[in-house]
Amino acid sequence: MGDYVLVLNAGSSSLKFSVYRRSDSDALEIDARGQIDGIGTAPRFTAARGDGGAGIKNEGLNAAVCDAPSALEHLAGWLRSRYVGAQVLGVGHRVVHGGPRYTQPLLVTPAVLDDLRALVPLAPLHQPHNLAAIEAVSERLTGVPQVACFDTSFHRGQPAVATLVPLPRNLGANGLQRYGFHGLSYEYVASMLPKAAPGIATGRVIVAHLGSGASLCALDKGKSIDSTLGFTALDGLCMGTRPGALDPGVVLYLFQVLGKSAAEVEKILYKESGLLGISGISNDMRHLLGNPAPEARLAVDYFVYRAAREIGGLTAVLGGVDGLVFTAGIGENAPEVRRRICEASAWLGVRLDPDANRRSAACISAADSRVSVWVIPTNEELMIARHTSRVLGLVEAGT
């Protein structure tokens, strides 16, 4: 078995992983992927072949798997048993926030890790778990190089007006600016456009990354021009548990009138709002689409409304739009949501092919649609593997 690169995406209760094996020709190819979820409650380990074939492992774990270090310990044991004699060439991590300093993937050092800890307040839902995985690898895979790949990197280089936060200038010295997120997903989609949708690859494209976290990105010739997420991952679209764009006066009201503490406000904004807050039922779009309750319908209506509204805004930024791309969990798997967003965007010249949309075909627009519409599955893990390979001087991962 050849040597391999490990890709980790750590969350609050899950550790997703992908294994890219170094083949005899020195190319890196996906060999396995899976996750440990239910960490701290009912942990479970699942793994499947990277080519989409049969599952490799699916088992419940001991309750002792209660945090990132113990989850990584179990994963490391499984890797050693499956890849006997193989060497871990490096570990690539998704890190949500790189701040103003880190604009490209880079090798993790103690100094880098200290800098990234200082960014935890800007991404409290994600950054602590990303960094916990890096620390756990350092303890258990001593000497294995690690690469941090940032969700903010792809958006660096946007016009100044797109990154500006219109507060007193002296506050900008503290890194107060719009960053944008989901960059690894957008970067992957942009890399796929020349192959998947060559007619729009060099044009004006809006990519809708719609999942539990949701945002839109305006691409011009494959480069990020603007996005709906800003200083933190709270801006823009309505999300599973986050509100999206919010009048800052609402936050002042929570503090000054309702007497909420900073911790309470953070919990409301990151964990209790969005689809969950509107519906009072679920943060999962699948559950809401199948629920006849008026609160569930309202949550879906608002999600579609915000997406259509922001598509209009990004179209203005681009000066027109040639293509619309749906990706991520909802974007790839919810034809009804795509249909409703496209119907609300009909004024732009968007027309769906109903059958293609139901089948989640690659191109779902009608032949006479002025704006072509696509479904392109994202692959953030492959993007991380590519970056890790480049930073460590290995052969770039293939598609």
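The values are calculated or read from the model by the stated rules, or taken from the named source; none is laboratory data. All values derive from a computational prediction rather than experimental measurement. Glycine gets a Cβ as well: all are built from the backbone with ideal geometry, and neighbour counts include every protein chain shown. Just so you know, the surface numbers come from the protein's heavy atoms only, side chains and all, with ligands and any DNA or RNA stripped out. Shrake-Rupley method; radii C 1.70, N 1.55, O 1.52, S 1.80 Å.
So here's what we get for this one:
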quantity: Solvent accessible area, Å² - Ile225, 1.4 Å probe, full protein context; calculated: 40 Å²
quantity: Heavy-atom surface of the stretch 4-132, accessible at 1.4 Å and reported per residue (Å²); calculated: 43 Å²
quantity: Where the stretch 286-340 is the region considered: accessible area per residue in Å², 1.4 Å probe; calculated: 44 Å²
quantity: Label-point separation in nm, Asp115 to Asp51, each point 7 Å along Cα→Cβ; calculated: 4.1 nm
quantity: log₁₀ of I(q)/I(0) at q = 0.21, 0.25 Å⁻¹ - the stretch 161-209, Debye sum with one point per alpha carbon; calculated: -0.77, -0.90
quantity: Computed lengthening from Thr41 to Val165, 0.36 nm per intervening residue step minus Cα-Cα distance; calculated: 40.6 nm
quantity: P(r) weight above 28 Å for the chain, C-alpha pairs, percent; calculated: 49 percent
quantity: Accessible-area composition of the chain, carbon plus sulfur, in percent [1.4 Å probe]; calculated: 53 percent
quantity: Distance histogram in 10 Å bins (all Cα pairs of the stretch 275-399, percent per bin); calculated: 12, 33, 30, 19, 6, 0
quantity: Partners for Lys221 among lysines (Cα-Cα distance below 19 Å; same-chain residues under 8 apart left out); calculated: Lys195
quantity: Alpha-carbon radius of gyration plus Dmax, which is the widest Cα pair, for the stretch 215-340 in Å; calculated: 15.8, 48
quantity: Cα-centre dipole for the chain with unit charges at Cβ (Lys and Arg positive, Asp and Glu negative), debye to 20; calculated: 340 debye
quantity: Extreme residue, positive dipole direction of the chain, given options Gly222, Val265, Leu275 (C-beta unit charges); calculated: Gly222
quantity: Largest-first ordering by accessible area, 1.4 Å probe, given options Cys66, Cys217; calculated: Cys66, Cys217
quantity: Cα centroid of the stretch 297-314 to Cα centroid of the stretch 184-205, whole Å; calculated: 23 Å
quantity: Globularity index of the stretch 248-310, i.e. its alpha-carbon radius of gyration over 2.2 N^0.38 Å; calculated: 1.28
quantity: Lys221, Lys267, Lys260, reordered so the largest accessible area comes first (probe 1.4 Å); calculated: Lys221, Lys267, Lys260
quantity: Fraction of the pair-distance distribution of the stretch 111-178 above 18 Å, Cα-Cα pairs, percent; calculated: 52 percent
quantity: Value of relative contact order over the chain, rounded to a whole percent, pairs C-alpha under 8 Å and six or more apart; calculated: 14 percent
